[in-house]
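The block underneath contains the structure these notes are about, expressed in structure tokens.
Readers should treat all values here as calculations from the given coordinates under stated rules, not as data from a laboratory. Predicted model, so just to flag it, every value in this text is computed and none were measured. Positions of Cβ are backbone-derived with ideal geometry, glycine not excepted, and every protein chain shown enters the neighbour counts.
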Amino acid sequence: MANILQVTTPNLNTDHRNVQSPTDPKHAVDPSVRNPADPNRVVRADNRDGQQTGNTTQDDLLSVINYESNYGAFVKSLGENSDLATALESLLFGDMAGLLGAEHTDVGALVDQFLMTLRMDSPQELFDFLQGQQDLQARFTGDFFNQLRYMLTQDTSGSFKEAALAFLKGYNNYTSGEHLLQQLHSLMDDIEQLLQRSFREEFREMADAMNWEAANGDTQQNASLISGRMIPFLSKYISSTHDYGPVRDATMLLIFNAVRYQDGERGMLERLLERLMDSRDFERMFKGDAQESLAKLLDGGPSTSQRAMMKSFADNLSGLLLRGANGQAGLENVQQFYTIMNGMLLNESVYMPLLHFIIPFQLEGNNVVSEMWVDPDARKDKEDGGRQVKLFLKFDVQGLGKFEMVMMLQDRESRMQLYVPSALAKQNKKIQTDVSEILKKNGLRLSQFSVYERIRDRRIDEVFPEIREKEKTINVRI
């Protein structure tokens with residue numbers, strides 16, 4: 001019978017010169033040495049075996065994240081780019097602001113112009129500024145979306161969920177109309193510069209025919225111009241000139257944003273709502289008039305003054321960062337501008353499951369730079385209550401120092417942890433009394449409140465550990 005397994009008897013080796021006896025003093029191993037080097041076996045590059053574990057909690061936390069995945073790289077960057085507020089404070093109110101004003105007059109003038117948008121004459125003006133940021137970023141709020149969110153968590157039909165997701169996509173495109181219009185404007189400017197000179201004038205005429213002041217939902221005129229004239233013009237240009245480089249890439253981005261912009265037409269959104277309302281699950285579970293609730297959302301939103309304030313804030317900040325990143329504020333300051341840009345882009349990542357707000361302002365002679373992260377659907381401690389909101393606030397008050405606050409809010413009852421500078425650590429009783437009075441005036445009950453001395457900066461994924469827990473699937477970065 002064939003020896004399929006190739007079983008053989010071991011060769012008798014009488015040469016014992018390479019065999020080490022553990023009892024031989026020359027080959028004794030110090031038990032205090034972990035993983036001593038052994039040339040007769042293969043070990044890891046760091047000479048550690050696979051069972052050796054770290055000695056710190058931080059090592060244990062980091063070991064659960066695969067940094068070779070997209071989401072793992074995001075979590076890693078989240079910990080490495082935690083000084084956005086510090087960099088912004090230095091730019092606006094610190095030593096860097098004085099340096100820019102003295103040596104780079106153009107950028108210094110932009111800093112002064114930006115600071116004008118941050119000066120609040122009253123607490124009410126500051127509240128309007130904060131409310132404007134919240135309204136522009138937190139789109140899916142209000143009674144209508146609260147009910148819809150609840151229905152999606154129930155045992156509803158697949159057709160209802162499909163209609164609900166289609167409506168949410170349409171609503172997102174509708175509320176992004178002004179932003180998408182700005183994106184289209186920027187892309188058209190770029191395309192014009194990429195075209196050959198003989199084609200630029202005709203393309204510019206089409207771009208000038210766009211209504212750049214169109215409101216959200218009023219997309220028909222601009223969408224018809226893009227799809228009827230501009231896209232055929234660019235398609236003909238690419239095929240005739242064989243320009244398959246930057247022009248084609250920019251055209252594809254233009255088409256992508258144009259499709260989203262066209263899908264944000266108000267009539268289309270209303271048709272998606274009618275389709276959603278035709279579902280039996282929606283009719284059975286929704287309380288109130290859905291069309292009236294949606295009309296309030298569409299016709300409400302930020303006021304004209306709030307929109308103007310936020311637009312001025314965004315335009316001035318983006319212009320300042322662009323100048324600085326291009327080196328116009330001095331090559332020695334480029335890294336500071338890149339730090340601010342990277343931090344802001346990271347917090348707007350598609351992987352970020354939290355709402356992020358950056359709030360620099362001047363009030364009553366005090367310069368404040370604040371950052372806030374909000375989880376509007378935090379994990380509940382008690383399931384029988386309403387929705388729980390978790391908030392993490394960082395703010396730096398000039399002359400006092402850095403503060404951090406972690407707050408849980410459910411059914412108008414709050415639990416809070418406040419971390420204060422060392423100079424205020426001994427005034428914890430007074431701080432507890434004053435903060436309790438502020439919350440009471442705003443209709444909030446304080447069930448638990450602790451004041452600690454701030455020793456170090458807390459990471460976002462430390463305050464919101466569920467960010468790490470979202471790495472549940474295979475997500476390899478190539």
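Some observations on this one:
- Candidates Q262, S240, M230 compared by Cα position along the dipole of segment 177-263: farthest toward the positive end lies S240, with charges placed on Cβ.
- Sites I431 and K76, calculated FRET efficiency, Cβ-Cβ separation with R0 30 Å, nearest 0.05: 0.30
- Distance distribution P(r), segment 324-409, all Cα-Cα pairs, bin width 5 angstrom from 0: 3, 12, 15, 16, 18, 16, 10, 5, 3, 1, 1, 0 percent.
- The simple Förster model, with R0 at 35 Å and r as the Cβ-Cβ distance, assigns S235 and A166 a FRET efficiency of 0.75.
- For q = 0.11, 0.19, 0.23 Å⁻¹, Debye-computed log10 I/I(0) when each Cα of segment 136-204 counts as one equal scatterer: -0.49, -0.81, -1.00
- Evaluated over the Cα positions of segment 224-369, the convex hull gives a direction-averaged projected area, one quarter of its surface, of 15.7 nm².
- Nearest-0.05 FRET efficiency for N211 and D243, computed from C-beta distance (R0 22 Å): 0.15
- In order along segment 71-78, the Karplus-derived 3J(HN,Hα) couplings, from 6.51 cos²θ - 1.76 cosθ + 1.60 at θ = phi - 60°, round to 5, x, 5, 5, 4, 4, 5, 4 Hz, and Gly and Pro are given as x.
- Nearest-20 debye value, segment 177-263 charge dipole, Cβ charges on Lys, Arg, Asp, Glu: 320 debye
- Mean-position separation - Cα centroids, segment 391-428 and segment 244-292, in angstrom: 41 Å
- Cross-link pairs beyond the 21 Å C-alpha cut-off, checked among K380/K429; K402/K426; K169/K296; K287/K390; K390/K440: K380/K429; K287/K390
- Computed log₁₀ I(q)/I(0) - Debye formula, equal Cα scatterers, no solvent, segment 177-263, q 0.17, 0.25 Å⁻¹: -0.63, -1.35
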